[in-house]
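A short worksheet on the structure shown next.
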Amino acid sequence: MDDINLHYRFLNWRRRIREIREVRAVRYRERLKKMLRDGDILRYHGNSDEVGCFVAARPLSKRNRYFEVTITDTGVRGMIAVGLVPQFYKLDHQPGWLPQSVAFHADDGKLYNGNTLGQQFGPKCCRGDRIGCGISLDSEDGHLTVFFTKNGKEVGSVEAPGPPEALYPAVGMHSLGEEVLLDLNAEWGMDEDDGLMIVDSHEEDWSRLHDVKVTGTLLEYVGKGKSIVDVGLAQARRPLNTRFHYYELEITDAGEKCYIALGLAHRDYPKNRHPGWSRGSIAYHADDGKLFQGSGVGDPFGPRCFEGDIMGCGIMFPRDYSQEAGDDVDDWDLEVAPKPSEVQNDLYANNEDEEEEGEDVDGRKVMVFFTRNGKVVGRRDVALPAGGFYPTIGMMSTGEKVRVDLHPLSG
């Protein structure tokens, strides 16, 4: 009977994942009018009597607070605007012209804040200039502000017209020949001497980082990539639990070999071992579609994964499962939490190599499942290590990059 109940629960969660994917396919879709997008290039495609506008698929957030455009061509008049707008902003209006939107305009250096009348704000911008826009939280009064930059230096800031989840990156154009290079994953920070905040790198989500660079939700392999000992590893700070039991990554760059692995491992997993290779771990490997479970030899499991694919991993806990009081299961989304211990990042510190030790086993069995693009690939019954299973990602070839969502089912 327990097996039957678990089977039906698994089917329900598989349907839940599919439904979320379908909703997100509609919700997170970029919008543009009188503009063409070619990769990261945006071009005006009107007759200069019509406004062209682009609105990104996702809003800014605590994880992704800043974006930039580089003006590659000012066209006839250089009427390029960069700012934030609501998701369903009218695309025949420049960003900043309508309520709940704000934008910095390159042609006159003015700030437009929900009005067609701008106010003097900063310098004009020309070909080659970088215009940035981001959000920050004032530590003194808690107000959310929108700030703008030019070539890496802050121009000014204004109170945000809405909550972060309602502010979508937007670019407007209004004359022939205008063209920009869009970077929705840009970083911004000033020299330490300037005393200004640097955009959060999001390293606090990770307890172990070896040969992996973190930029917001993006993980980038920075190791040598020459042999099997050159594994780059990222292990989350908290284990999966009954509330946050699933996570995903999107392969944004497959690199040379796409040696990317997504899985679960015991705490303090060896830093130079791909997840799945050592005891107390299980992982789905993108390059060959194999499942590795505590062994360097994998079993055929699912399809190979490529750039653009989304891989997921989760746990179906038994109904009678209860987290021990001492387990580290603080909510992922707590607004206030104790300051975490310093992250172990071997990019900046030379830690001694760990020796793999036999991990303690909790004794309880859980069902671990894997997905590819929202569809379940397969599942395995696995003994849960003492302390739980931690999301663990491995990479091993030059150029590999993944974007991670540690709690995609939470909203």
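The values are calculated or read from the model by the stated rules, or taken from the named source; none is laboratory data. Since this is a predicted model, take the numbers as computed values, not measurements. Glycine gets a Cβ as well: all are built from the backbone with ideal geometry, and neighbour counts include every protein chain shown. Note: areas computed on protein heavy atoms with side chains; ligands, DNA, RNA excluded. Shrake-Rupley method; radii C 1.70, N 1.55, O 1.52, S 1.80 Å.
Values as computed for the structure displayed
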read-out: Rounded FRET efficiency, nearest 0.05, which uses the C-beta distance separating R379 from V229 and R0 of 35 Å; value: 0.70
read-out: Rounded FRET efficiency, nearest 0.05, which uses the C-beta distance separating V76 from R29 and R0 of 25 Å; value: 0.25
read-out: Area accessible to solvent at R243, 1.4 Å probe radius, in Å²; value: 130
read-out: Inter-label distance for K365 and L184, nm, one decimal - labels placed 7 Å from Cα along Cα-to-Cβ; value: 4.3
read-out: Linear extension gain, D288 paired with K62, 0.36 nm per residue minus alpha-carbon span; value: 77.9 nm
read-out: Cleavage-rule hits, GluC sites (Glu not before Pro), segment 243-324, DSSP coil, Cβ neighbours within 10 Å at most 16; value: E256, E307, E324
read-out: Potential lengthening between L176 and A386 on full extension [0.36 nm per residue; Cα-Cα distance subtracted]; value: 69.3 nm
